[in-house]
Amino acid sequence: MTLQWPPGPANDEVSDTGPQAPVPAPVRGALSNPRLIAGIAEITAMIAAQLDDGAAAAEVMPVIRDATRRWLEQAVRSGQLPASAGGQLDELAAAVHDRRYGLGPLSVYLRDPQVENVDINGCDSVWISYATGERVAGPPVAASDDALIAMVRTWATRGGQTARDFSAAAPLVNVALSGSARLTATMSVTPRPCVSLRLHGQLDITLARLTQLGTVDTTAAAFLAGAVRSRCNIIITGGVNAGKTTLLRALAREISPGERVATLESEYELFLHELQQHADVIPFEAREPNSEGSGGVSLHDLIAHALRHNPRRIIVGEVRRDEILPMLEAMNSGQEGSMCTLHANSPAEAFDRILILGLRGGLALAERAIHILVGMAVDLIVHVRRGYDGTRTVRYVSEILEVMPPGDTDRPAVNRLFLPDPQTGRAVAAHTPSAGLLSRLASAGFDLSLLDQHRSHHQPPGTWRA
């Protein structure tokens, strides 16, 4: 059975930081009475045999509503609930449906287009992050921590490409859920079970839309579009929750619809295979080993395997470990136009991150050899940052570097094409691309005069902060 809910158009350009409420805030449709919360499981068990997998809401809601009404009447007669509880019939029936066919008590948040993240530190410690930047406490999501663990176990089994275990033997789980959400859960190694759910609101995103949101301006957007169309290999860098994946989705929209694309991710987040833009996408998802340590499939394994499926481009959602080497080799051996994201606090730091990942993965190459490989494989590094504009936290492209093989030093040579504006921090044209890159961009239809016009409207590069 597939977990589904209406994914809201949450603004992925706004962060999850903001004021915190000391007490739970009212949440429309959420149940807070412990007896009502416990009743969700009881009602579900009462009618389990009558609820088929994949059934439409219109088919099952009459059954659920009737069973909920009978349960409420019994609870009121026995004194377990006040007579006023009957007024929550609709909320309780919806919660039963969510438990059977969705994400249980979390579904109420995911139906809210303003909710971006839900963080749970035990069944009764819930924090909801909104697109406005506000972060508030919410009511309990389960009657007990054991009940929360049971729910997560169910979600981990249903979601993702393959079922994933969640137990004392496998206390860490990450899983993509249909509807563009990613679930991370932990037990046994924390005092209480912890769950984080992130909703990806900007799925069908474009560079034009990111321009409207202020992530890039028209010149930077046109430059990046030309870079993708001219098959530049691109690494997107930035901190946690800086908007790297959203930008990667937007860049992928610039790939010709007729090209065969392979996406490789630890958990699905790009969801290019669910969009209409590209008909020929083969999505790979890594698999964790089972409790006995077997059956695991890493991104390193997947990249080597994906090349045999004849993709024109390789897109890795996030490079975290030793998959960096096959990624660079793919970029340097026929899969031009490949892209990935990488955690780094600055674009220059990306080279150190790649070196550390390669050495940690047992790469038997000298540091200079790794830097040469990076310089030969990577064409551009695009850095995204997160900042506060006085009313909300926004994400934006701050720098774009052209990468070339090492020259006088061991590290790759860089040409700082776009630098942060001193007032806004957003990327503005600074230096002219190399002759080779200019030729590629021109052949892809990019108007080179845009860079000169952009530079003429901003301060000289020497006055900008690095």
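The values are calculated or read from the model by the stated rules, or taken from the named source; none is laboratory data. All of these numbers come straight from a predicted model, not from anything done at the bench. Cβ placement follows ideal geometry from the backbone for every residue including glycine, while neighbour counts extend to all protein chains displayed. Only protein heavy atoms, including side chains, enter the accessible area calculation; ligands, DNA and RNA are left aside. Shrake-Rupley method; radii C 1.70, N 1.55, O 1.52, S 1.80 Å.
List of remarks:
- The residue pairs whose first member lies in segment 92-120 and is closer than 25 Å to Ala55 by Cβ and open to solvent by 20 Å² or more (accessible area, probe 1.4 Å), whose second member is of a type in the set (D, E, K, R) and part of a helix (DSSP H, G or I), and whose beta carbons are closer than 9 Å, counting only pairs six or more residues apart or on different chains, are Pro105/Asp98; Pro105/Arg99; Val108/Glu91; Val108/Asp98.
- Residue in segment 407-460 that is surrounded by the fewest Cβ atoms within 10 Å (Cβ to Cβ), counting only those that are among the basic types (Lys, Arg) and within 29 Å of the chain's Cα centre (by Cα): Arg416
- Residues satisfying the stated conditions in segment 195-243, i.e. at pLDDT below 90, over 14 Å from the mean Cα position of the chain (by Cα) and not in a helix (DSSP H, G or I): Gly214
- Filter result for Asp389 (open to solvent by 50 Å² or more (accessible area, probe 1.4 Å), touching a His at 6+ places or on another chain (Cβ under 6 Å), farther than 14 Å from Phe223 by Cα and modelled with pLDDT under 90): no
- Of all the residues in segment 191-217, those that are without any contact (Cβ under 8 Å) to a residue 24 or more places away in the chain and among the hydroxyl-bearing types (Ser, Thr, Tyr) number 1.
- Residue in segment 257-270 that is in a loop (DSSP other than H, G, I, E, B), open to solvent by less than 30 Å² (accessible area, probe 1.4 Å) and within 19 Å of His371 (Cβ to Cβ) present: no
- Count of segment 132-148 residues, restricted to those that are among the aliphatic types (A, V, I, L, M), surrounded by fewer than 22 Cβ atoms within 10 Å (Cβ to Cβ) and out of contact with any helix residue (DSSP H, G or I) (no Cβ under 8 Å at 6 or more places or on another chain), is 2.
- For segment 237-256, filtered to residues that are touching a Ser or Thr at 6+ places or on another chain (Cβ under 7 Å) and among the polar types (S, T, N, Q), the residue that is surrounded by the most Cβ atoms within 10 Å (Cβ to Cβ) is Thr245.
- Inspection of segment 144-157 finds a residue satisfying the criterion of being under 28 Å from Gly39 (Cα atoms), among the acidic types (Asp, Glu) and in contact (Cβ under 8 Å) with a residue 40 or more places away in the chain.
- Filter pass, Glu349 being over 20 Å from Lys244 (Cβ atoms), in contact (Cβ under 8 Å) with a residue 24 or more places away in the chain and open to solvent by 30 Å² or more (accessible area, probe 1.4 Å): no
- Search result, residues across segment 334-346 that are open to solvent by 10 Å² or more (accessible area, probe 1.4 Å) and either of a type in the set (A, V, I, L, M, F, W, C) or free of Cβ contacts under 8 Å to residues at least 24 places away in the same chain (or both): Gly334
- Here segment 308-333 is the region considered, the condition is being small (Gly, Ala, Ser) and over 23 Å from the mean Cα position of the chain (by Cα), and the residue that is least open to solvent (accessible area, probe 1.4 Å) is Ala330.
- Qualifying residue in segment 61-71 (condition: more than 25 Å from Val118 (Cα to Cα) and either modelled with pLDDT under 90 or within 33 Å of the chain's Cα centre (by Cα) (or both)): yes
- Scan of segment 244-262 for residues that are closer than 20 Å to Asn332 by Cα and within 16 Å of the chain's Cα centre (by Cα), ordered by number: Leu248, Leu251, Ala252
- Taking the criterion of being over 19 Å from Ser84 (Cα atoms) and within 34 Å of the chain's Cα centre (by Cα), the only residue of segment 33-42 that qualifies is Ala41.
- Residue pairs whose Cβ atoms lie under 8 Å apart, separated by 6 or more positions or on different chains, with the first residue in segment 63-87 and under 13 Å from Arg35 (Cα atoms) and open to solvent by less than 20 Å² (accessible area, probe 1.4 Å) and the second part of a loop (DSSP other than H, G, I, E, B) and at pLDDT 90 or above, are Leu72/Leu81; Ala75/Leu81.
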